[in-house]
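Undergrad: Below you'll find the structure I mean.
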Amino acid sequence: MNRLGVLMAFLFFLWGPVAKAQVAPDCGTAIPICNNTPVNGGTNGFGIDDFNNAGTSGCLERTTSGAIESNAAWYRFRTGASGQLGFNIGFSASEDWDFALYRSDDCSNLEAPIRCNFFDNTDANSFAGVGEDPSGDAENFQYEDWLQVSPGEEYYLLINNFSNTNSGFSIQFSGQIFVTNPNDALDCTIVTNLLGPPITACEGQTITLDATTTGATAYSWYLDSGTGFQQLIGDTAPTLVATASGNYQVQISSALTTDVTISEVQVVFSTVPIAYSAGDAASCSGLETYDLSQKDNEILGGQDPNRFTVSYYTSLGDANNGANVLSKQHLTQAGAETIYVRVASVDNPNCFDVSEQFQLINLETPVLDFPTEGYLCAENGSAFIGDQVPLPNYTYRWDSGENTAGITVSQVGSYTLTATNVLGALSCESVRTVVVTTSSPPQILDIQIEDLQQNNMVTVFANTDGAWEYRLDEGVFQNENVFSNVSPGMHTVTVNDPGGCGAVTETIIVVGFPKYFTPNADGLNDSWSISGLNMLENPEIYIFDRYGKLLSHLAGNTNFGWDGTYNGKQVPASDYWFKLTYMDANGQRTTAKYVNNHFSLKR
């Protein structure tokens, strides 16, 4: 949809029992519109089928009535100037209303509508029409594009109720044409009534009805306030000052004829709303839009939102003209922005108040990026959670009652911190929750070394009480417990608790040895030995049988091996075990752990 440069609207909403305007269910008796639109008390049926049993007319289709119309109201109007023209049909958000607009001066030759909308009202909108939603709802699919009109064009407008309920509707005319030609945007010669078209005004304004007729000898004035016409005793002048809403009638006697001329006109006085003071608002950083509708209730101050609309603008001029209404989902701006408020009567948007404004200030939202997990270590039973360094402009509130940026806790559970940036009466807040659990120090249960490989691998098995991290030698910690491409020799393996509850380190030896050997003097695998001993200081190997009897003791870091004998005699084919010791960094002889110390002798 195109954005409107300047918008003027004339709106008259359903008036219930006070006065009921004529409603025409048929195109042939369509109500003429002249700038102002008559009040409607709702539709009731569709009269004759204006589409001669057709199945469609533009977007409109047959309803449950069997015809395109179900509860129809027809209007006609003629343009008096050039420019941008639109209209808004207002109704209860719980109801579904459709419309079609025809450019024609003949009901028997309507052809296809130039604007048509048949969307259901699942979004509970209060307006449909051509142009744009006056409340600032840019996502209302019940709107069609603006019209560009020239003088003398004639139109028929069908408004059709497609709901189980029918509480009436309103019509607003809008567009640039009402700014450039406020008095003749719509041609009033289409209305032939002596008293002219329906008249609307705001409470406190004066309306004078003029029935002056050449040759008149007597005037009698009547008012229908909802119970039928009652004569206004004493009002016999050709003019009458209307002071109340209703249908007015004048009866004129003339010396030129015995007939009495009767003319009627509807007069509506609308309540002028009050815009109540609105406090400044904060557009919190990180938000692409600010929802202006959250200010509506504050500005209405208890006034019925069904009777008054609230809209927002970036200038007082736009607010006065009802022009360039802001979307309720307003794009945030840097710094402070003045938002101007317009509260208008749904009955008549010309009855409005633009006396209030407020500042929309872009306020920084606190950034909370501390860890969301905390741990109580078995050895001290407490942990610090939250921000280490508080910011002076922020206030802090934990759901456990503390008001500092960080707290020390001694019990497991969830702790939620709300940090608020306060500027006067404005505030933006962030919330972050820390889950505290008990964590015990890690333990290494086993280390599996896959050696004598092109890719030596070390796998560390730790207790599963925590989410540990693992490190080989002085490398970086990793979440995986497997290390690949480990070089032969002595290494350290560390398992650490990232929650700060301790670490455990083991020294391992990565060496290689055959899983079996065949000492049969064929020159292949005739001895058993360990590779990689040159990486150790003073290594020694002890070989045992299955009963633990020491069979051989090999010392030194040269490439030595066992030939499968004991005291010069061959030992039988069987499984054998060994122990590897070496001198550690402290000069202490140490037994290599986690070495798979089993091999076989085959003959």
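Undergrad: Taking θ = phi - 60°, what integer Hz values does the Karplus form 6.51 cos²θ - 1.76 cosθ + 1.60 yield along the stretch 196-206, in sequence order, with x for Gly and Pro?
TA: 3J(HN,Hα) across the stretch 196-206, in whole Hz: x, x, x, 10, 10, 7, 8, 3, x, 7, 10.
Undergrad: Which one is right for this structure if Rg and Dmax of the Cα atoms in Å is calculated from it: [x] 45.6, 158; [y] 27.7, 96; [z] 26.4, 87?
TA: Checked against the structure: label [x].
Undergrad: Let me ask something else about it. Nearest 500 deg cm²/dmol is fine: what mean residue ellipticity at 222 nm does the chain get from its DSSP H runs of n ≥ 4 alone, each adding -39,500 (n - 2.57), divided by its residue count?
TA: Estimated from H runs of four or more residues: -500 deg cm²/dmol.
Undergrad: Specify the inter-centroid distance of the stretch 483-506 and the stretch 388-444, based on alpha-carbon positions, in whole Å.
TA: What the calculation gives is 33 Å, centre to centre.
Undergrad: What net charge do the residues around residue 342 carry, taking every other residue with its C-beta under 10 Å from that of residue 342, with Lys and Arg at +1 and Asp and Glu at -1?
TA: Summing Lys and Arg as +1 and Asp and Glu as -1 gives -3.
Undergrad: Quick one: which residues, 5+ away or cross-chain, put their amide H under 5 Å from the amide H of residue 199? H built at 1.01 Å from N.
TA: 266, 267, 268
Undergrad: Where only protein heavy atoms count, and the probe is 1.4 Å, what is the accessible area per residue for the chain in Å²?
TA: Per-residue accessible area for the chain comes out at 47 Å².
Undergrad: R0 = 25 Å: FRET efficiency of residue 445 with residue 553, Cβ-based, nearest 0.05?
TA: E between residue 445 and residue 553, to the nearest 0.05, is 0.20.
Undergrad: Another question, if that's okay. Highest mean first, what order results for 162-173, 183-194 on Cβ atoms within 10 Å?
TA: Most protected by this proxy first, the peptides run 162-173, 183-194.
Undergrad: Please give the length that would be gained between residue 218 and residue 294 if that part of the chain were fully extended, namely 0.36 nm times their separation in residues minus their C-alpha to C-alpha distance (nm, one decimal).
TA: 21.6 nm
Undergrad: Give me the net charge of residue 385's neighbourhood, meaning all other residues with Cβ under 11 Å from the Cβ of residue 385; Lys, Arg count +1, Asp, Glu -1.
TA: -2
Undergrad: Using each residue's phi in the stretch 56-64, evaluate 6.51 cos²θ - 1.76 cosθ + 1.60 at θ = phi - 60° and report the 3J(HN,Hα) Karplus result to the nearest Hz, with x for Gly and Pro.
TA: So the J values, rounded to whole Hz, are 9, 8, x, 7, 7, 10, 4, 9, 5.
Undergrad: For a quick protection proxy, order the peptides 68-75, 364-371, 329-336, 312-319 by their average other-Cβ count within 10 Å, most packed first.
TA: Put in order of decreasing packing, that is 68-75, 312-319, 364-371, 329-336.
Undergrad: Give me a comma-separated list of calculated 3J(HN,Hα) values for the stretch 299-315, in order, Karplus coefficients 6.51, -1.76, 1.60 applied at θ = phi - 60°, integers in Hz, x for any Gly or Pro.
TA: Karplus-based 3J(HN,Hα) across the stretch 299-315 equals 6, 6, x, x, 5, 5, x, 7, 9, 9, 10, 10, 9, 10, 9, 9, 8 Hz.
Undergrad: Find how much the distance from residue 567 to residue 524 grows on full extension, using 0.36 nm per residue of separation minus their present alpha carbon separation; answer in nm with one decimal.
TA: Working it through step by step, the gained length comes to 13.2 nm.
Undergrad: For the stretch 162-238, give the percent of accessible area contributed by carbon and sulfur heavy atoms, probe 1.4 Å, rounded to a whole number.
TA: 50
Undergrad: Taking the Cα centre of the chain as origin, work out the dipole magnitude from +1 charges on Lys and Arg Cβ and -1 charges on Asp and Glu Cβ, in debye rounded to 20.
TA: In debye, rounded to 20, the chain gives about 1640.
The values are calculated or read from the model by the stated rules, or taken from the named source; none is laboratory data. Note that the structure is predicted; figures quoted are calculated from it, not measured. Heads up, the Cβs are rebuilt from the backbone with ideal geometry, glycines too, and the neighbour counts pull from every protein chain shown. We work out accessible area using only protein heavy atoms, side chains counted, and drop any ligands, DNA or RNA first. Shrake-Rupley method; radii C 1.70, N 1.55, O 1.52, S 1.80 Å.
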